[in-house]
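First up is the structure itself, then whatever we jot down about it.
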Amino acid sequence: MFIPLLDIYIYIYIYIYIGGESDLSSFAPDAASITSSIKYHAEFTPVFSPERFELPKAFFATAQSVRDSLLINWNATYDVYEKLNMKQAYYLSMEFLQGRALLNAIGNLELTGAFAEALKNLGHNLENVASQEPDAALGNGGLGRLASCFLDSLATLNYPAWGYGLRYKYGLFKQRITKDGQEEVAEEWLEIGSPWEVVRNDVSYPIKFYGKDIKAVAYDVPIPGYKTRTTISLRLWSTQVPSADFDLSAFNAGEHTKACEAQANAEKICYILYPGDESEEGKILRLKQQYTLCSRRSGDRIKWEEFPEKVAVQMNDTHPTLCIPELMRILIDLKGLNWNEAWNITQRTVAYTNHTVLPEALEKWSYELMQKLLPRHVEIIEAIDEELVHEIVSKYGSLDLNKLEEKLTTMRILENFDLPSSVAELFIKPEISVDDDTETVEVHDKVEASDKVVINDEDDAGKKTSVKTEAAAEKDIDKKTPVSPEPAVIPPKKVRMANLCVVGGHAVNGVAEIHSEIVKEEVFNDFYKLWPEKFQNKTNGVTPRRWIRFCNPPLSAIITKWTGTEDWVLKTEKLAELQKFADNEDLQNEWREAKRSNKIKVVSFLKEKTGYSVVPDAMFDIQVKRIHEYKRQLLNIFGIIYRKTNFVPRVCIFGGKAFATYVQAKRIVKFITDVGATINHDPEIGDLTAGMEASGTSNMKFAMNGCIQIGTLDGANVEIREEVGEENFFLFGAQAHEIAGLRKERADGKFVPDERFEEVKEFVRSGAFGSYNYDDLIGSLEGNECFGRADYFLVGKDFPSYIECQEKVDEAYRDQKRWTKMSILNTAGSYKFSSDRTIHEYAKDIWNIEAVEIA
C-alpha cells in the first residue's frame, strides 16, 4: 500500500507555477520530490486499480513523473523556436524504432540516481520497473533505428527539428518462434496506452481519399537531449473519422458493420507497419499510409509563405516521396503560387536519403492505382516528368537519338509512357519511299543461275529469310490462310518514386561511403551526370547515449576512468584515447571483467526466454539483423553446420524478424530454428548454441561496445575496418566491384562450387535437421540463372572464404590478451560512428539549420 499525496509535492508545483520561467530552469528534482511525484501519479493519473503498487503500475507512475519534467523543457524549447522564428528540420520516416524510453529519458535528464533512490524508497528496483515498458512498435529495422538515433542527436545538439511518422496500433508484428518457424501476432504496445504521448486534439487535419474525408490527429512524443533542456517532438499521426460519420440509422437497423465502415476504413490506415501488399487492397492501404505521412495543412507549424528559409524536409527513403507533389499542390492550389515559384520552393526545401540499391526497395507505384486514389498529385507528377523530359532533351539533344532515348527511358519518373507530344516528334523516324523501278532492280540484282530469287520470308521479329523459286513462293501464298497476330503485351505504367525524389529535391545522399559511390556510379548515374552537385555521402551513426552509455554501464565506467572524463558521451572522438592504453594489463583485466559480467546477464536472459543454458566463457557469436537473403544469415548457419564441433566453444545467437510475406526469409528462420534445435540437443555441444527473437541493430553498435566483427567490405564495414584497424576486423568474401562479374560468371555456367559447400547442402537434404523439405531453400543456391535461383547473393562463392576466416577468429580468441586488445581498439575506433557527427553534417550541408541552446 502506498502513502497518499504529500504536501511537499503540492508545494513544488505551486512554487513552479508562481516562480516563472527562470525558476523552472533552475529546478532540479531530488529523490524525495520524485518519490512524491510518483505517488501522485499512482493516485491521481491512474491506469490501474488503487489497491496495489506493483511493477506495471510503478512503471506508469514513474514514466508520468518523468514526463512532467520533459513537458517543462518541451514547452520551453518550442517557445524559443517560435520567438526566434528559426528554420526547423522535419524528418519524415515511415519508421521510428525508439526502443524503451524510461532509462533513456532519465539518463538524458541526469536523474538516474535520483529515480533509482525514489523507487527504492517505494520498494522497487529501477531496472525491474524499466523492464515493464513495452517497445514502441513504430519500426522494424535499421531504417527506424537510424531515425530514432537522429532524433536523439538533434535534441542533444540543440538543433530545431521534428520527427514525423505514423502511430501504428499493432506495429509490424510480434514474433513467435514455434516448431513451424516464425509466427506473427499483433503487437499490444498500446493496449493500456502509452505514458509518453500527448494527444493534440487541436492539431487535426482532413485527408481526402475517393472524395471522402478522414481526419489525421497528432500525437506528440517528447524526445529529450542529453545534458540539455532541448526537448523536441516526434509527431505521430493517427487516423479516424468524425462522429457524424457513424451511421446511427444503419446501426439501429442491425447493419452494424455498415454503420462502422467509415471508422474502420480510417483507422486501419494506422493499424500495421508495412501491411502486406500482395493484394490490391494491400497496395491501396500502403499508398494511403504514405500520403497520410506526407499530408500537411498550413496550420501545422509550417509557414508556407517563408519556404524554404524556414523549413527543411528530409525524406528517409522513398516512403515519404509524396511530400513533393503534396507541397506543390498546397503552394499552387491553396497558396496561389505559379508553377515555377512552387517548383523552385519545393526543390530547395526537400532532400532525399537513399538507403539501398536493391531493386525491390526502389519503389514503383501503379500509375492506375495512384490516379484513382490521388488524381491531383498524379497531374502534378506528370507535369514534373514532362519538365524533366524537356531538361534532358535540352541537355543531351545533340546525342544520337538512340542514346537520348535510353537516357529518357532510364531517368523518367513515369515508366512505360509515351513521350510528351512536345518532344515526341524528335523520335519519329522518316519513311523511305521506294519506287517500282528501284524495287525491280533490287530483286533482279539477286537473281541466281537457277532462276531463284531471294524472297523475304521474315517472321514478326525479322529473324529469318529463305531462298525459293518464284513459282514456289506463289504456291505458298495460295496455301496461306489469314492468321491473327497475338496482341502485344503492354507493360504496366508505373511511377518511379526514387526518380521523383532525385528530381524533386536539392540533395541526395547515401548512408556509407561505398554505398554513396554506388548511388552515383550505378543506381542514379544519369542523374549524377546531370546534377553532380546534388549528390553527397552521410555515413550513418548511432547515438552513444542509448547504445553504450545507458545500455552498458560497466564498460562506460571503464571508458570514463581511462579517458579521464565523461565528455566522450558527447564528443566521441575522445574514445580514440583508449588506443594508447590498449596493451595495458590493468585495463585489459577490467575490460574482460566488464564483458564477462554482461555475458552472465545474457546467460540468464537466454535461459528465461528460450530455456537454453549456455556457458558464459564461450565466445558469443551474434548476428542481429532483419532476416533477408542479402543479410547473409544463410551463410552464417551453413558455416555453423560445417564447423559443428571443430571450433572454439561458441554461443551462436541469431536475432531478427522475417517480413510476413517474404517466403524465403521465413524459410531461413525455420532453418535456423531447426538447426538450433538439433544442435542444442546434442549432448556434446548442447550448451554452445541458441536462437532467439530480437529487433535489428547495426555493426556500429557492436563496434562501439567492443565487439569484434566478421564481415565483407560493403556498407559501413569499409569505414569501420578503416577506423578500428584492418588487423582488428575479420574480413572475408567478394568486394563490391567484383559482384557484377561474379554474377556473370555464374550465368555463364563457369562457377565451380567448393566441395565443403556441396557437403553442407547434401547434409541438409539428408534430413539431419528434421522432416521439413528444404529443397526450395537449397534450390535458391543452385542453377545458373532464373528468378529465385543461381545464388544471387553469392553464398556459395563466399563460403570457403568465410570458413577460412572463422578459423582465424578461433585462433584470435584462444589468445585472450590479443582478443581483449582487439576489443578495446574496436571501441576506440568507433568514434566516427556517432549519429551526432552525422547530424552535424546534415545540419550544415543539407538543412542549413543552426543550433540554439535553451536557457
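Sort Lys403, Lys599 by accessible area with a 1.4 Å probe, largest first.
Lys403, Lys599
Quick one: putting +1 on the C-beta of Lys and Arg, -1 on the C-beta of Asp and Glu, what dipole do you get for the stretch 192-236 around its Cα centre, in Debye to the nearest 20?
On the way: 7 positive and 4 negative charges, 24 e Å.
Here the stretch 192-236 has a charge dipole of around 120 debye.
From the Cα gyration tensor of the stretch 304-426, with a ≥ b ≥ c the square roots of its eigenvalues, which class applies: rounded if a/c is under 1.5, or else prolate if a/b is larger than b/c, or else oblate? Display every interim value, and only then the final one.
Details: a/c = 1.63, a/b = 1.37, b/c = 1.18.
It comes out prolate by the Cα gyration axes.
Counting alpha carbon pairs within less than 8 Å and at least 6 residues apart, what relative contact order, in whole percent, applies to the chain?
Values: 1322 pairs, mean separation 107.8, N = 855.
Relative contact order comes out at 13 percent.
Sorted by average packing, counted as other Cβ atoms within 10 angstrom per residue and highest first, what order do 362-375, 761-774, 271-284 take? Don't jump to the answer; show the numbers that get you there.
Values: 362-375: 17.4, 761-774: 14.1, 271-284: 15.9.
Packing order, densest peptide first, comes out as 362-375, 271-284, 761-774.
Give me log10 I(q)/I(0) at q = 0.06 Å⁻¹ for the chain, Debye formula, one equal scatterer per alpha-carbon, no solvent.
With one equal scatterer per Cα and no solvent, log10 I(q)/I(0) is -0.48.
Rolling a 1.4 angstrom probe over the protein chains, ignoring ligands and nucleic acids, what is the accessible area of Glu415 in square angstrom, nearest 10?
Here the accessible area works out near 30 Å².
Ordered by residue, what ³J(HN,Hα) values in Hz, to whole numbers, does the stretch 506-512 give under the Karplus form 6.51 cos²θ - 1.76 cosθ + 1.60, where θ = phi - 60° and Gly and Pro are x?
9, 8, 10, 10, x, 10, 7
Quote the charge dipole size of the chain about the Cα centre in Debye, to the nearest 20; the model charges only the Cβ of Lys and Arg (+1) and of Asp and Glu (-1).
That gives the chain a dipole magnitude of about 3000 debye.
What is the extension gain from Phe605 to Asn121, computed as 0.36 nm multiplied by their sequence separation minus the C-alpha to C-alpha distance, in nm to one decimal?
Working: separation 484, 0.36 × 484 = 174.24 nm, distance 2.69 nm.
That pair, Phe605 and Asn121, stretches by 171.6 nm at full extension.
Got a sec to turn the phi values of the stretch 222-230 into Karplus ³J(HN,Hα) couplings, 6.51 cos²θ - 1.76 cosθ + 1.60 with θ = phi - 60°, whole Hz, x for Gly and Pro?
Each residue's phi maps through the Karplus curve to give x, 10, x, x, 8, 6, 8, 7, 4 Hz.
Using only the C-alpha atoms of the stretch 172-308, find the volume of their convex hull and express it per residue in Å³. Display every interim value, and only then the final one.
Details: hull volume 29.5 nm³, N = 137.
Per residue, the Cα convex hull of the stretch 172-308 comes to 215 Å³.
Determine the shape class of the stretch 784-844: with a ≥ b ≥ c the square roots of the Cα gyration tensor eigenvalues, call it rounded for a/c under 1.5, and otherwise prolate if a/b is greater than b/c, oblate otherwise. Don't skip to the end; give the middle numbers.
On the way: a/c = 6.48, a/b = 1.20, b/c = 5.40.
Judged from the Cα gyration tensor, the stretch 784-844 comes out oblate (a/c at least 1.5, b/c at or above a/b).
From the C-alpha gyration tensor of the stretch 594-664, pull out the three semi-axes of the equivalent ellipsoid (sqrt of 5λ each), sorted largest to smallest, in whole Å. Present the calculation step by step, with values, prior to reporting the outcome.
Values: eigenvalues 116, 55, 21 Å².
Three semi-axes, in Å: 24, 17, 10.
Using 1/(1 + (r/R0)^6) with R0 = 22 angstrom and r between the beta carbons of Glu726 and Thr410, what's the FRET efficiency to the nearest 0.05?
On the way: r = 38 Å, r/R0 = 1.71.
E between Glu726 and Thr410, to the nearest 0.05, is 0.05.
5 Å is the cut-off here: which amide hydrogens, built 1.01 Å from N in the peptide plane, fall below it relative to Arg229, excluding neighbours closer than 5 in sequence?
Ile854
Indicate the gyration tensor shape class of the stretch 733-798 (rounded, prolate or oblate), computed on the Cα atoms with a ≥ b ≥ c the square roots of the eigenvalues: a/c under 1.5 is rounded; otherwise a/b larger than b/c is prolate and the rest oblate. Please list the in-between numbers first.
Details: a/c = 2.42, a/b = 1.89, b/c = 1.28.
Because a/c hits 1.5 or more and a/b exceeds b/c, the stretch 733-798 counts as prolate.
Want the number for Arg643 to Lys268: 0.36 nm per residue separation, take away the alpha-carbon distance, what's left? Spell out each step's value before the answer.
Working: separation 375, 0.36 × 375 = 135.00 nm, distance 4.76 nm.
Residue separation times 0.36 nm, minus the Cα-Cα distance, leaves 130.2 nm.
On a 0 to 90° scale, report how tilted helix 142-156 is relative to the longest principal axis of the chain, with both axes built from alpha carbons and the result rounded to the nearest 10.
Result, in degrees: 50.
Of the peptides 43-49, 346-352, how do they stack up when ordered by the mean number of other Cβ atoms within 10 Å, highest first? Present the calculation step by step, with values, prior to reporting the outcome.
Working: 43-49: 12.7, 346-352: 22.7.
So the order, starting with the most tightly packed, is 346-352, 43-49.
Using a 1.4 Å probe, what is the accessible area per residue for the stretch 574-617, in Å²?
Values: 2600 Å² over 44 residues.
Solvent-accessible surface per residue comes out at 59 Å².
Which residue, Val311, Val423, Trp365, has the largest displacement toward the positive end of the dipole of the chain when charges sit on each Cβ (Lys, Arg +1; Asp, Glu -1)?
Looking along the dipole axis, the top candidate is Val311.
With point charges of +1 on the Cβ of Lys and Arg and -1 on the Cβ of Asp and Glu, referenced to the Cα centre of the stretch 237-382, which listed residue (Asn344, Thr257, Ile269) lies farthest in the positive direction of the dipole?
Asn344
So what J values fall out for the stretch 200-217 if you push phi through Karplus, 6.51 cos²θ - 1.76 cosθ + 1.60 with θ = phi - 60°, rounded to Hz, Gly and Pro as x?
10, 5, 8, 10, 9, 9, x, 10, 9, 10, 6, x, 10, 8, 10, 10, 9, 10
With all protein chains present, calculate the accessible area of Ser394 using a 1.4 Å probe and round the result to the nearest 10 Å².
Roll a 1.4 Å probe over it and Ser394 shows about 100 Å².
Using only the Cα atoms, what convex hull volume per residue in Å³ does the stretch 96-209 have? Display every interim value, and only then the final one.
Details: hull volume 20.5 nm³, N = 114.
Here the figure is 180 Å³ per residue.
Which FRET efficiency value, to the nearest 0.05, is calculated for Val198 and Asp845 with the Förster distance at 45 angstrom and r the Cβ-Cβ distance?
0.85
How do Ser93, Ser597, Ser613 rank by accessible surface area computed with a 1.4 Å probe, from largest to smallest?
On the way: Ser93 0, Ser597 40, Ser613 65 Å².
So the residues, ranked largest to smallest area, are Ser613, Ser597, Ser93.
Under a crude label model (7 Å from the Cα following the beta-carbon direction), how far is Lys395 from Asp815 in nanometres?
Those two pseudo-labels are separated by 5.3 nm.
Using a 1.4 Å probe over the heavy atoms of the protein chains, calculate the carbon and sulfur portion of the accessible area of the chain as a whole percent.
Values: 20460 of 40150 Å².
On the chain, the fraction of accessible area on carbon and sulfur atoms equals 51 percent.
When the chain is fully extended, how far beyond the present Cα-Cα distance does Asn128 get from Ser243, taking 0.36 nm per residue of separation? Working shown, then result.
Numbers: separation 115, 0.36 × 115 = 41.40 nm, distance 4.13 nm.
Stretched fully, the Asn128-Ser243 segment lengthens by 37.3 nm.
Quick check on my link table: of Lys283/Lys607; Lys83/Lys574; Lys83/Lys364; Lys644/Lys701; Lys87/Lys657; Lys574/Lys797, which ones sit more than 32 Å apart, alpha carbon to alpha carbon?
Details: Lys283/Lys607 41 Å; Lys83/Lys574 36 Å; Lys83/Lys364 42 Å; Lys644/Lys701 28 Å; Lys87/Lys657 38 Å; Lys574/Lys797 40 Å.
Exceeds cut-off: Lys283/Lys607; Lys83/Lys574; Lys83/Lys364; Lys87/Lys657; Lys574/Lys797.
Compute all pairwise cysteine Cβ distances in the chain, then list the cysteines with no distance under 4.7 Å to another cysteine.
So far as the 4.7 Å Cβ criterion goes, Cys149, Cys260, Cys270, Cys501, Cys551, Cys652, Cys707, Cys786, Cys805 stand without a partner in the chain.
Run the simple label-point estimate for Lys744 and Arg348 please: 7 Å along Cα→C-beta, distance reported in nm.
Using points 7 Å along Cα→Cβ, the separation is 4.5 nm.
Which of the peptides 119-125, 628-634, 108-114, 319-325 is most tightly packed, and how do the rest follow, judged by the mean count of other Cβ atoms within 10 Å per residue?
Details: 119-125: 16.1, 628-634: 19.9, 108-114: 18.1, 319-325: 26.3.
Put in order of decreasing packing, that is 319-325, 628-634, 108-114, 119-125.
Using the basic label-point model (7 angstrom from Cα toward the beta carbon), what is the Glu513 to Lys335 distance in nanometres?
With each label point 7 Å from Cα toward Cβ, the separation is 3.9 nm.
Using the heavy atoms of the protein chains and a 1.4 angstrom probe, tell me the accessible area per residue for the stretch 698-811 in square angstrom. Provide the component values of the computation, followed by the final result.
Values: 5500 Å² over 114 residues.
Value returned for the stretch 698-811: 48 Å² of accessible area per residue.
The values are calculated or read from the model by the stated rules, or taken from the named source; none is laboratory data. Computed from a predicted structure; not experimentally measured. Neighbour counts run over all protein chains shown; Cβ positions are idealised from the backbone, glycine included. These area figures cover heavy atoms from the full protein model, side chains too; ligands, DNA and RNA do not enter into them. Shrake-Rupley method; radii C 1.70, N 1.55, O 1.52, S 1.80 Å.
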